[in-house]
Structures are given as structure tokens and as C-alpha cells.
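Worksheet for the structure shown next.
The values are calculated or read from the model by the stated rules, or taken from the named source; none is laboratory data. As the structure is a prediction and not an experimental result, all values here were calculated from the model. SASA here: full protein model, heavy atoms, side chains in, ligands and nucleic acids out. Shrake-Rupley method; radii C 1.70, N 1.55, O 1.52, S 1.80 Å.
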Amino acid sequence: RMPAKTKKSQETVNSRIQLVVKSGKFKMGYKETVKSIRTGDAKLVIIASNCPPLRRSELEYYAMLAKADVHHFAGNNNLLGTACGQLFRCSVMTVTDPGDSDILESMKKAHSKA
């Protein structure tokens, strides 16, 4: 079980991801994420907790070069896929346009506190 605070913050992240899926633009999957980072479209990269370490570090490096934010999702790839409203697993997703969601600002605040 997750502690209460972690569970609550996880729910807010999930709701923000769902709002991005409804109103914004996003890409799911490693190949699509790398493409959007290379083109400079990526604003935020969300990586699941069970993404392989080599792939995670590679994505973090690409995102750093492209000046995109990286968020480490607390759940595994099953939960990230579910948060995106899909019925399959997703180890990484990219937000290219947040739409009505304030996910970019909230992630920056969360990382500045940490």
C-alpha cells in the first residue's frame, strides 16, 4: 500500500493526465517519445516506474538536451496506460500540448520542492 500523501498526489497526477488526454495532445510509447523529443515538440516526458534503467536514462538525457521536463510516474506501466485511458501498457508518454490541463506548471512546482 502507498502512504496517504503519495496516493493523493498520484490521483492528482492521474487526473491531470486524463485531462491532457481529453483536451491536449500526447504521444505514447518509446519510439513516438524519442521522435517528439528530437523534433522539439515534447514539453513533458512521463516515465513509468518499471521502465528499464537504460531506456530511462536515455530518455532523461534526450529530454535534458531538448529542455523538456521529465516526470517519474509513481505507478508501473499498467497504471500509466490506464491513466491514459488505454487498455494496454505504456512505459513512457510525452505531452506535446497540455490543453486545458495545468500539468506542466504542477510538475515544475513538484520538482522545485523536491
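Rolling a 1.4 Å probe across all protein chains gives S9 an accessible area of roughly 60 Å².
For the set L19, L80, L65, L54, the ranking by accessible area, highest first and with no ligand, DNA or RNA atoms included, is L54, L65, L19, L80 under a 1.4 Å probe. For K43, the accessible surface of its heavy atoms amounts to roughly 90 Å² (probe 1.4 Å, protein chains only, rounded to the nearest 10).
Taking only DSSP H segments of four or more residues, each worth -39500 (n - 2.57), what value at 222 nm results for the chain once the sum is divided by all its residues, to the nearest 500 deg cm²/dmol? Kindly include the intermediate steps, with their values, before the conclusion.
Numbers: 5 runs with 61 residues, N = 114.
Computed mean residue ellipticity for the chain: -16500 deg cm²/dmol.
Give the accessible surface of the chain per residue, rounded to a whole number of Å², with probe radius 1.4 Å and ligands, DNA and RNA excluded. Before the final figure, lay out the partial values.
On the way: 7040 Å² over 114 residues.
Accessible area per residue, the chain: 62 Å².
Taking 8 Å as the Cα distance limit and 6 or more residues as the minimum spacing, I'd like the relative contact order of the chain as a percentage. Answer for the chain is 39 percent. Excluding ligands and nucleic acids, what accessible area in Å² is computed for T12 using a 1.4 Å probe, to the nearest 10? That residue has around 50 Å² of solvent-accessible surface.
For Kirkwood radius over Cα pairs in Å, computed directly from the structure shown, the correct entry in (i) 13.9; (ii) 16.1; (iii) 14.3 is (i). Expressed as a whole percent, the accessible surface of the chain that belongs to carbon and sulfur atoms is 54, based on a 1.4 Å probe.
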